[in-house]
Amino acid sequence: MSSTLFRAAPALRGALRASAAPRVGAMASTSFVRNKATLPDLPYDYGALEPYISGRIMELHHSKHHQTYVNGLNSALEAIAEAEAKKDFAKAASLAPLLNFHGGGHLNHSLFWENLAPASREGGGEPDGALKKAIETDFGSFSSFRSQLNAALAGIQGSGWAWLAKDKTAGNLQIVTRANQDPVTGSLVPLLGIDAWEHAYYLQYENRKAEYFDAIWNVVNWKTVAKRFESS
Amino acid sequence: MVNLSTLWHYLALQNPLQAAGNLSSTGLTAQTLPPLPFAYDALEPHISAQIMELHHSKHHAAYVAGLNRALDAHVAAVAAGDVARQIELQRDIRFHGGGHINHSLFWKNLAPPGSREAKAPEEVAPRLVKAIERQWTSLQGFKEEFGRVALGIQGSGWGWLVKEEGSGRLRIVTTKDQDPVVGGDVPVLGVDMWEHAYYLQYLNGKAAYVENIWHVINWKTAEERFVGGIPDEKTEL
């Protein structure tokens, strides 16, 4: 994953630098950073998930929100590298929350876009094969899994995500939630994530988030989920 | 109306309640949605009527309903002597109770942009403005610092100007999700930084929302809280 999320992109690096807020020492500090995070392209058009997720939501979500996480991650990495170079480890440690937030936001959204697909293409339906079997073993049935994930989403108090993850230690599937942009890490491998931040649905669903949680199943790309499951 | 600290006190004294199933069976009143002190469109153009209507009639109403559900369940758990269930319910009481308290405080610290309360802080909040100037040099300096702090929230939450009990010192703090300002601090004014508070109008431009909110801050309410302290503020609910 890291190879696709972080790649050296000299042209983009320049663009990022140019678009960043003017900061003293910004030119000098970029020399510390070798690999910049970049905004991945969406694997479909902004309007491709309609009517379940509007084109306007997708455009803002990808081109503004995700881009902000990418920029924030690069700034955090740069500031940490600077602190490291000065052996100011207290300063480096103080930047950890920013790295977690923006880095998590970048990882989560990158996984999310690949989790989705137009309903007219791979989106929707039900998983099959080994993934279907694992879901039935760990959650009873596909529909029980769906309602458990929807209940987890509805129970998030604030901004956050709900995930289907594979526990590499226990060997089973689990539903977990994460606050804000905390990424799924450690022994858990994220397979399918649903963004429960208000910006993910508000322009279309307003306060009716349960409708969004129901609708999104029409655009879940089970092929991606199965691929992650099989390689985990 | 019953305020939350009274309710907690009551529950603590009555444990275990006899045959109690819900709030009304204990003689307690359910929490209700307070009316807005102005029309939904009164904060235009800074906060749209659509935002205000959804925010008050849907979001705040949902916190009130969630709080009453949690309190009902808590009363039943107390009556049943089920301590584990009481502890489990604290999360919902904190979230929905905090949501109810925070929004109730928020509506009262807003005012229409043309009003004296919003336009003339030096006149309607002389003591508070003086204290702010002592601490941040100028009202403008304070607004900028408040914006910087509020925009640093990672996720949903609130930005607050609070007064420390005792010292009377002013501080800018944030609370996450629907955590209310508790302890010795008096919330003088609060700004909702959840996306539902601005997204329909400002989209991802939350810095513009935080800048524009100053056009609709009710400085008179802020002065009353600053001067009055905790007891007065708590009875606002």
### Task
Of all alpha-carbon pairs in the protein assembly as shown, indicate the percentage at a distance above 33 angstrom.
46
### Task
Considering Cα pairs under 8 angstrom that are at least six residues apart, work out the relative contact order of segment B:45-186 and quote it in whole percent.
18
### Query
Hey, if you drop one equal point scatterer on each alpha-carbon of segment B:87-213 and run the Debye formula without solvent, what base-10 log of I(q)/I(0) do you get at q = 0.19 Å⁻¹?
-1.19
### Message
Please give the charge dipole size of chain A, origin at the Cα centre, charges +1 on K and R Cβ atoms and -1 on D and E Cβ atoms. Round to the nearest 20 debye.
### Response
740
### Spherically averaged projected area of segment A:129-231 from its Cα convex hull (nm²)
6.4
### Summary
Of B:L161, B:L43, B:L200, the most mobile residue in a GNM of chain B (C-alpha springs, cutoff 10 Å) is B:L200
### Query
Picking from A:L107, A:L42, A:L203, which is most flexible by a Gaussian network model of chain A using Cα springs under 10 Å?
A:L203
### Query
Per the Debye formula with a single identical scatterer at each Cα and no solvent contribution, what log10 I(q)/I(0) holds for chain A at q = 0.16 Å⁻¹?
-1.15
#### Entry: Positive-end extreme of charge dipole, the protein assembly as shown - chosen from B:W136, B:N102, B:L54 (charges on Cβ)
B:W136
#### Entry: Relative contact order for chain A, counting Cα pairs under 8 Å that sit 6 or more residues apart, in percent
21
### Query
How about segment B:159-201: which GluC sites (Glu not before Pro) there lie in a loop by DSSP and see at most 16 other Cβ atoms within 10 Å?
B:E165
### Summary
Net charge (Lys, Arg +1; Asp, Glu -1) of residues whose beta-carbon lies under 14 Å from that of A:E50, A:E50 excluded, is 0
#### Entry: Out-of-range pairs (alpha-carbon distance over 19 Å; input A:K132/A:K223; A:K168/A:K227; A:K91/B:K176; A:K166/A:K227; A:K64/B:K143; B:K176/B:K220)
A:K91/B:K176; A:K64/B:K143; B:K176/B:K220
### Within the protein assembly as shown: Cβ-based charge dipole about Cα centre, in debye rounded to nearest 20 (Lys, Arg +1; Asp, Glu -1)
1100
### Task
For segment B:116-234, calculate the relative contact order in percent as a whole number, restricting contacts to Cα pairs under 8 Å that are 6 or more residues apart.
31
### Task
At a probe radius of 1.4 Å, figure out the B/A buried accessible area, summed over both chains, and give it in Å² to the nearest 100.
1900
### Charge tally in the Cβ shell below 11 Å around B:A65, where Lys, Arg are +1 and Asp, Glu are -1, B:A65 excluded
+1
### Query
Using r as the Cβ-Cβ distance of A:S143 and B:T32, and R0 as 41 Å, what FRET efficiency do you calculate, to the nearest 0.05?
0.60
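The values are calculated or read from the model by the stated rules, or taken from the named source; none is laboratory data. All of these numbers come straight from a predicted model, not from anything done at the bench. A quick note on method: Cβ atoms are made from the backbone with ideal geometry, for glycine too, and the neighbour counts reach across all protein chains shown. Note: areas computed on protein heavy atoms with side chains; ligands, DNA, RNA excluded. Shrake-Rupley method; radii C 1.70, N 1.55, O 1.52, S 1.80 Å.
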